[in-house]
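Notes to accompany the following structure.
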Amino acid sequence: MLQLLKLERYKDDQGNEIVYDGEIRETKIDIRFKGSNNTLVISPQADIKDLLITFTGDNGRIEIGPTTKKRAGLRFELRCGHESQIRIGENVGCAGRTFISAVEGVSVSIGADVMFAKNIEVRGDDTHPIFDVRTEKRANPSQAIVVGEHVWIAKHAVVMGGVTIGNGSVIGFRSIVTSNIPNNCVAVGAPARVVRRNIAWERPEVVGRRPNEQYPRKGEKSPKYWNLTDESATPDKPVVRSRPKVALWRRLARCLPAPVRRLGRKMLPSRKG
């Protein structure tokens, strides 16, 4: 494994490359290459505050866009596997380090103007495989993730593989997103469910505002993201599997002593044949 503790333009004999023409950064930078032909592209305008990147395979690609507006800065732990991609759009901000993982050839895309709070995970994989013991087939394959523009993801939230979050939406505190979320809505819970539609949010904090102050102030509104929720993008209702019905005599038998239950089973006719 090759480890770099400085952010600057770089290329090695294994085909790993860092494309970056900005100011050299040496604080909280940790870039690791475990494979070959990986590419890291960072805009010279990206406001990097804390960066841990691990390329775990070959032919991975990570792109980080510019920061042209006042934001909390970029604080990421990024894991990129074989043939995988991570793309982070412009003017993204992170209050704390956000973990993003894309492996097994999938992609994770973060749109422009996304606001991450603290302790957030966006993961297209579960790190370890799970199998169906009857078929031996994989039960949890890695899947792509798309987070749209101007999405606010609150503290301790997790976004799982196979999910798309529409522009302008809010993901609530400690929510786990396991299905698609449409635009301009609030989704909360584990798993996350839409609780309010047709909303818009803005970045200015309310902690310093006076009671009953009018919102938004002049210049605070971002009309581009003030839209009605597109109902056609609402995910289907989850399938709830009903519990199998248990015969009345079986329910009553559970209350009997074990010796009586064993005697009863011997007296019942066999179901075989």
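Apolar share of the accessible surface for segment 1-69: 40 percent from carbon plus sulfur atoms, 1.4 Å probe.
Here's how it looks for Thr98: its modeled amide H is under 5 Å from those of Arg75, Phe76, Glu77, which are all 5 or more places away or on a different chain. Give Lys155/Lys221; Lys70/Lys221; Lys6/Lys69; Lys34/Lys137 a once-over and call out the pairs whose C-alpha atoms are over 18 Å from each other. Cα-Cα > 18 Å for Lys155/Lys221; Lys6/Lys69; Lys34/Lys137; rest within.
Rolling a 1.4 Å probe over the protein heavy atoms gives segment 27-138 an accessible area of 45 Å² per residue.
For segment 90-201, the residue among Phe173, Ile100, Val146 whose Cα projects farthest onto the positive side of the dipole built from Cβ charges is Phe173. For segment 77-204, the carbon plus sulfur part of the accessible surface works out to 51%, probe radius 1.4 Å. Taking amide hydrogens as placed 1.01 Å from N in the peptide plane, the amide H of Ile64 sits under 5 Å from those of Val41, Ile42, Ser43, Ile88, each at least 5 positions away in sequence or on another chain. Accessible surface ranking for Ile130, Ile88, 1.4 angstrom probe, highest first: Ile130, Ile88. For segment 1-138, the percent of C-alpha pairs falling in each 10 Å distance bin, counted from 0 to the bin holding the largest distance, reads 12, 43, 32, 9, 3, 0. The length gained by stretching the chain between Ile199 and Glu220 to full extension, at 0.36 nm per residue less their Cα-Cα distance, is 6.0 nm.
The values are calculated or read from the model by the stated rules, or taken from the named source; none is laboratory data. Since we're looking at a predicted model, the values are computed, not measured. Positions of Cβ are backbone-derived with ideal geometry, glycine not excepted, and every protein chain shown enters the neighbour counts. For accessibility, only protein heavy atoms count, side chains too; no ligands or nucleic acids. Shrake-Rupley method; radii C 1.70, N 1.55, O 1.52, S 1.80 Å.
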